[in-house]
Amino acid sequence: MNFDQVSRRSILRTVGSGLGVVLGGGLLAACGDGSSGHTPLGSSATPSVAPRRGGKLRAAFAGSSTESTSVIRATSSAVDYVRARLVWDTLGEIEKSKPVWRIAESVEHNADATRWTVRVRDGITFSDGRKLTAEDVLFSLRTLASNPTAQSGLLGGFDAKASKVRDPRTVELHLKGPDGFFDLVLAQSIFVFPAGTKDFERALGSGPFVLKKWSRGSSLLKARKDYWDADHGGPYLDAVELFSVAEAGARLNGLKSGQFDYAGAISLSAARAENKNPKVRVLTAPKELWSELSLSMNLGTEPFTEPEAVQAVRYAIDREALVRSVTLGQGEVADDALGRHQTWYDSSLPRRAHDPEKARRLLKKARLGEAKLSVRTSDYEYGTLESATAFVQQAKAAGMAVAVDKIPAADYYSDIKKLLSTPLQTNLFHPMPLPLSLSFYYGSHASYPFTGPSNDTLDGLLSAMHAAVGDGKRSRTVHDVQHYLYEHGGDAVFARMPPLAASTPAVHGVEARGFFDYPCLRDAFLRP
Amino acid sequence: MTASSTRRSHRFHASLWWLRRLLTAAGTLVAASLLVFVATTLAPGDAATAQLAGQASPERIAELRHDMGLDHPPWERYGHWLWGALHGDLGTSYVNGEPVSQLIAARAGNSLLLGAVAAALLVPIAISLGLWAGLRAGRVVDRAVSTSTLTLVSLPEFVTGTLLVLLFAVGLGWFPAVSVPSADGSVLSEPQVLVLPVMTLLSVCLAQNVRLVRSGVIAATASDAAQAARLGGVPERRVVLRWVLPAAVVPAVPVLARYLSYLLGGTLVAETLFGYPGLAAALVNATAARDAPVVLGVTVLVAAMTVALNVLADALAASLNPAARNGT
């Protein structure tokens, strides 16, 4: 990727919230952090609540000026993505870091994971009654890969030309190289629409709802009576009305005033304030879907060309204090590695201690003495500026003079060269399946290598990871990369923050299925 | 000089005055559009990269940039836009391909409706409260009106709006907290979405107008004309309506007019606070998306309204003071 040609907005959507749209893993439904006292929601947490048919769910999510009904732009805002999940089924979804297939009945690969065979489930129909076939699946994949979609980045290894339909229910996907984790890619927002679709704004879907009315700001969807998977769950609701509301506070106020039943993405402080409100149920993402805060050090720039400087920063961070102040006590400590609580995560990675004296000694050893640093940050998302400000005091105790270089939110991602060459900056990583995030942020082929250039060792480990097949080997190779980054990487991942939402107590069955901020309303129902 | 030559001279000066004003107005609009275009061009990123979600290949970004015409030199793009604008075509949005004029029409209608409702309430409320307080100057009513209006104006707009939401939406549940109409409705079919934004706008505009009317009423009440009328046995109600009210309202008219212009020009804080689908909110969104045609269209429209109002004000002043029109 040519970084010169990627804009602030692109990165905002990608690194900020957009990646969360395309990449993810887990299930909403989970209880909140035990300490927060948040009420659980969803099938796994409220098994005693029997689904009830009928009613209209009114839900508010963040929108943007790019809102549209186009299937190839469905990931541009939260409200678009939530709507897309109702209109178009996907090949699969992520639950607890693993794919659960929907349109795909099975997904298998050859010995070296260069060819993947997708068997399409029988009996799926589009909303006009047309049968969904392998032809539609291949057309959708080719369309998503060849258009400027968020999915296209994930499908970079997909060989669209060589791939073919073997029979009406089987499609053979060829890759440009081995990728044992391509199943995770296929479970990421691969919406399926009819072959030959030209008007993507009005593409038919096989999902549980049909879009009846849309305007920039609100949309109305009606349930399908003939949904192919109705025997196993929703749609229970008659209709869903989605509202696009930019401000998190306004969404919550709308919920509290009875205007909405569900409000996506609320703030940590609002969650704390509403914790005891019986009319509001605060929902917390399962831990594998929490966001992660990091101080990213570029290993190609001074002073982080010296490994001691990197370690000094890591030891200077008081993670417990940052969790208390930045996440308002609702988060948890992270230990310089992404993806905790995912099945891929190596739980043997040791805790990183807070040891300002050791940090001081390391700086002295590297002959950095009273190191003067500047941490580039912005308030484009909660947590980054707050972390940087808090770190200044912590660094002082370790003999580092750190200044906060606050960039206006609108400009923070506009200069990609600067972004990828800044010695020290804050980052908020949105959740995605760990093998995909490792490839995305680290190595020579990374899209956004915030920690600077790669080396042969890291590239070798990442290649081995992609070549691995079978769960055991795949896990081992992911662990190898994690261990390397823990020891030699440039990210000091210090805290994990829970994404939050809110609903009335009557709302049930809303599930993350990979994306907490863009939940799946397929099985939602209302039961006061 | 004969009477006819004097009339010809006046007509000539009047024509010259209008020509000068119109040329200045046109120049102002072109300058404003150029300024906005330069600003959008110099801003980091562009609409093509903004749409690609950071994951498309450089070739695809270039293709999209080419499709949008963003690979042409800036002067050429501006010229193309200006030529279209002069022919009534404001172009299409980079973000969603929608004609800018269509987008502006829908949003401007909503903004105008919000501003008009607020303006329609502002005038009678300001006059009534000002009159009420002025006629009871120094008494409890006067102090209550003055204190409450001053309190309202001293609060920032977003604070007032938030407090209104907490009271009337969250607390009492009377009005919606978010002013987005439902999918099968509109602002007109769901007028309740206007209530809180209008109340917020009134809170901003009311205080100064009430105080102006109040002080005018106090002065007019003590005027010789009013006193003479009272001595002549004219009932107090008639004194107020005939002498006090007109004398009190006239000084407030220019200020009221300024507030009306503010209300009708799109009210950013109220629109963004309540998520109201108006022109100001559209401008904010378009700026963030680097959607230059929409940014240009909206700003030129607002600039045109301002310029038109100023030309009309100049014309009014000139008609009242011919010396100004003649430049003498």
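Bear in mind these aren't lab numbers, they're just calculated from the coordinates by the rules spelled out. Just so it is clear, the model here is predicted, and its values are computed rather than measured. Quick reminder, even Gly has a Cβ in these numbers, built from the backbone with ideal geometry, and neighbours come from all protein chains shown.
Between the beta carbons of B:Ser128 and B:Glu63, assuming R0 = 56 Å, the FRET efficiency works out to 0.35 to the nearest 0.05. For the stretch B:168-267, what log10 I(q)/I(0) values come out of the Debye formula at q = 0.11, 0.12, 0.13, 0.20 1/Å, with one point per alpha carbon and no solvent? Taking Cα atoms of the stretch B:168-267 as identical point scatterers yields -0.55, -0.61, -0.67, -0.95. Ordered by the count of other Cβ atoms within 10 Å of each Cβ, fewest first, B:Leu163, A:Leu204, A:Leu289 give B:Leu163, A:Leu204, A:Leu289. Residue by residue, the stretch A:517-528 carries 3J(HN,Hα) couplings of 6, 10, x, 8, 9, 4, 9, 6, 8, 10, 9, x Hz when phi is fed to the Karplus relation 6.51 cos²θ - 1.76 cosθ + 1.60 (θ = phi - 60°); x denotes Gly or Pro. Between 0 and 90 degrees, the angle of helix B:100-135 with respect to the longest Cα principal axis of chain B falls at about 20 degrees. Each 5 Å bin from zero up to the one holding the largest Cα-Cα distance in the stretch B:209-316 carries the following percent of pairs: 2, 11, 14, 13, 11, 10, 9, 8, 7, 6, 4, 2, 1, 0.
Taking chain B as a Gaussian network, where each spring joins two C-alpha atoms under 10 Å apart, which residue of B:Phe12, B:Phe158, B:Phe168 fluctuates the most? Result: B:Phe12 has the largest fluctuation of those listed. Relative to its residue count, the stretch A:87-151 spans a Cα convex hull of 124 Å³ per residue. Taking amide H as placed 1.01 Å from N in the peptide plane, the amide H of A:Ser163 sits under 5 Å from that of A:His174, each at least 5 places away or on another chain.
With distances taken between every two different alpha-carbon atoms, the protein assembly as shown has a Kirkwood hydrodynamic radius of 30.0 Å.
Build a GNM of chain B with springs between Cα atoms under 10 Å apart, and of B:Leu34, B:Leu167, B:Leu90 the one that fluctuates most is B:Leu167. Taken one residue at a time, the phi angles of the stretch A:417-423 give Karplus couplings (6.51, -1.76, 1.60, θ = phi - 60°) of 4, 5, 4, 9, 10, 6, x Hz. Gly and Pro are set to x.
Estimated from the Cβ-Cβ distance and a Förster radius of 30 angstrom, the FRET efficiency linking B:Asp184 and A:Val49 is about 0.50. Under the simplified labelling scheme, the A:Asp405-B:Val250 pair shows an inter-label distance of 6.3 nm, with each label point 7 Å from Cα along Cα→Cβ.
Rg and Dmax of chain B, based on Cα coordinates, read 25.5, 89 Å. Put simply, the C-alpha atoms of the stretch A:291-497 give a gyration tensor, and the ellipsoid matching it has half-axes of 26, 18, 18 Å, longest first.
Taking the square roots of five times each eigenvalue of the Cα gyration tensor of the stretch A:401-528, the equivalent ellipsoid has semi-axes of 33, 24, 12 Å, listed largest first.
Each residue in B:Tyr262, A:Tyr262, A:Tyr315 was given a count of other beta-carbon atoms within 10 angstrom of its own, and listing them fewest first yields B:Tyr262, A:Tyr315, A:Tyr262. For chain A, no complete DSSP H run has alpha carbons reaching 27 Å or more along its own long axis together with a mean Kyte-Doolittle score of 0.5 or higher. Projected label points at B:Arg242 and B:Leu34, each 7 Å from Cα along the beta carbon direction, are separated by 5.9 nanometres. Between A:Glu105 and A:Arg119, A:Val120, A:Arg121, the built amide H atoms are under 5 Å apart, and every one of these is 5 or more places off in sequence or on another chain.
With a Förster radius of 35 Å applied to the beta-carbon distance between B:His80 and A:Asp199, the computed FRET efficiency rounds to 0.80. Mean silhouette area of the stretch A:282-400, derived from the convex hull of its C-alpha atoms and averaged over all directions, reads 8.1 nm². Axis angle, to the nearest 10 degrees, between helix B:74-86 and the longest C-alpha principal axis of chain B: 50 degrees.
Helical runs (DSSP H, four residues minimum) scored at -39500 (n - 2.57) apiece and divided by the length of the protein assembly as shown put the mean residue ellipticity at 222 nm at -13500 deg cm²/dmol. What does the C-alpha gyration tensor say about the overall shape of the stretch A:183-235? Classify as rounded when a/c is under 1.5, otherwise prolate if a/b is larger than b/c, or oblate. Since a/c reaches 1.5 but b/c is at least a/b, the shape of the stretch A:183-235 is classed as oblate. Semi-axis lengths, largest first, of the ellipsoid equivalent to the stretch A:89-204 are 21, 16, 14 Å, with √(5λ) applied to each eigenvalue of the Cα gyration tensor.
The residues A:Val507, B:Val145, when put in order of fewest to most other Cβ atoms within 10 Å, stand as B:Val145, A:Val507. Taking amide hydrogens as placed 1.01 Å from N in the peptide plane, the amide H of A:Ala512 sits under 5 Å from those of A:Leu28, A:Ala29, A:Cys520, each at least 5 positions away in sequence or on another chain. Computed from backbone phi with θ = phi - 60° and the Karplus coefficients 6.51, -1.76 and 1.60, the 3J(HN,Hα) list for the stretch A:188-193 is 10, 6, 8, 6, 10, 9 Hz; x is used for glycine and proline. The slack in the chain from B:Leu16 to B:Leu166, taken as 0.36 nm per residue of separation less the alpha-carbon distance, amounts to 48.4 nm.
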